[in-house]
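The values are calculated or read from the model by the stated rules, or taken from the named source; none is laboratory data. Please read all numbers here as calculations on a predicted model, not as lab measurements. Note that we place each Cβ from the backbone using ideal geometry, even for glycine, and neighbour counts take in every protein chain shown. The accessibility values were calculated without ligands, DNA or RNA, using every heavy atom of the protein model including side chains. Shrake-Rupley method; radii C 1.70, N 1.55, O 1.52, S 1.80 Å.
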Amino acid sequence: MRFGPHHKLFFNATDGAYSVVTDRESGDPQITVDKDEKAVIYSVISKGNFYLGSKKTGGANVFKKFNLWPSNTSIDVQVFFPKLDKPNELRIYIPQSDPFCPPKQHIWFVFRRNKTLFIGSMPEVKWRSIGRADHEDAAYAESIYEPSTEVGGSRLVKSFQYPRRRSVAINALKRAKFTCEVEPDISLFIARSTGTPYLEPHHLIPMSLQGSFKTISLDHADNVYALSPHHHRRVHFGLPADSQEVIEKLLCRRATVLKKYGVSQADILGFYNCLNID
């Protein structure tokens, strides 16, 4: 699968791809490189520069240079086409002593940063956490219920990488009639500063991805939903199926965000790492 904008941001990558290490691949140990991963590799090393033939006929002595993530050390990777009858089947062979030796059910990935190739792996639970947390959420909510924290007009908090307007958030809560847009009947407490049910504004396409939407602001009414604290935490930190359920319910209520930003439902699920990983 190809990197989404949240992966590119996390790894500071130009492009990338990833997949799960299967039980068979871990047991051999070897990895069959899929079409997305090959596209990333070929963007730096052309297909014609990989050896075609078995280990016995010379493949075992052919290596390519990659940088190992996160150490950034240069390593030699044994990668070639091992089968003459399948000249497009690119494989990585991994001795147990190799610095790159991902265990089964880890996510392995390859990405390029300009013209430098990186390779690495991490446990799926860690992979699923990439881009999920919004570290400015607390300050954003505080700016709504504690107006004294507002700084510099529409720029709510100086530390925000991308400004979020208080007026957009308040209008989102009013439009939802101060009910949660995932579960309207959920019990809410009353905020002491406003006398209204406490809800949290949520940018469905995360504000951290604003750099990938250069010509249109993510801080817009179409992209901001009103959520209970429970469902807001659920979409960020719940199991993939829980996050997916929240996202699907929000899109059922108001799918204009898809057309406005030129994205699909699968794209948004990808932003939250909810997609099934092949």
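Those helices (runs of 4 or more DSSP H) of the stretch 154-265 in which at least 3 residues are open to solvent by less than 60 Å² (accessible area, probe 1.4 Å) and not β-branched (V, I, T), considering only elements entirely within it, cover 166-175, 229-237, 240-253. Taking (1) out of contact with any Cys (no Cβ under 8 Å at 6 or more places or on another chain); (2) at pLDDT 95 or above; (3) of a type outside the set (V, I, T) in turn, H231 satisfies each apart from (1). Filtering Y42, Y18, Y51 for residues that are free of Cβ contacts under 8 Å to residues at least 12 places away in the same chain and among the hydroxyl-bearing types (S, T, Y) leaves a single hit, Y42. Could you check S71 against (1) open to solvent by less than 70 Å² (accessible area, probe 1.4 Å); (2) in a loop (DSSP other than H, G, I, E, B); (3) under 26 Å from N276 (Cα atoms); (4) modelled with pLDDT of 90 or more and say which number it fails? Unmet condition: (3). Quick one: in the stretch 131-150, of everything that is open to solvent by 50 Å² or more (accessible area, probe 1.4 Å) and assigned to a loop (DSSP other than H, G, I, E, B), which residue is modelled with the lowest pLDDT? The selected residue is E150.
Output the residue which, of all residues in the stretch 236-256 that are modelled with pLDDT of 95 or more and touching a strand residue (DSSP E or B) at 6+ places or on another chain (Cβ under 9 Å), is farthest from A176 (Cα to Cα). Filtering first and then ranking leaves V246.
Helices (runs of 4 or more DSSP H) fully within the stretch 1-61 that include at least 2 residues being aliphatic (A, V, I, L, M) and surrounded by 13 or more Cβ atoms within 10 Å (Cβ to Cβ): 35-42.
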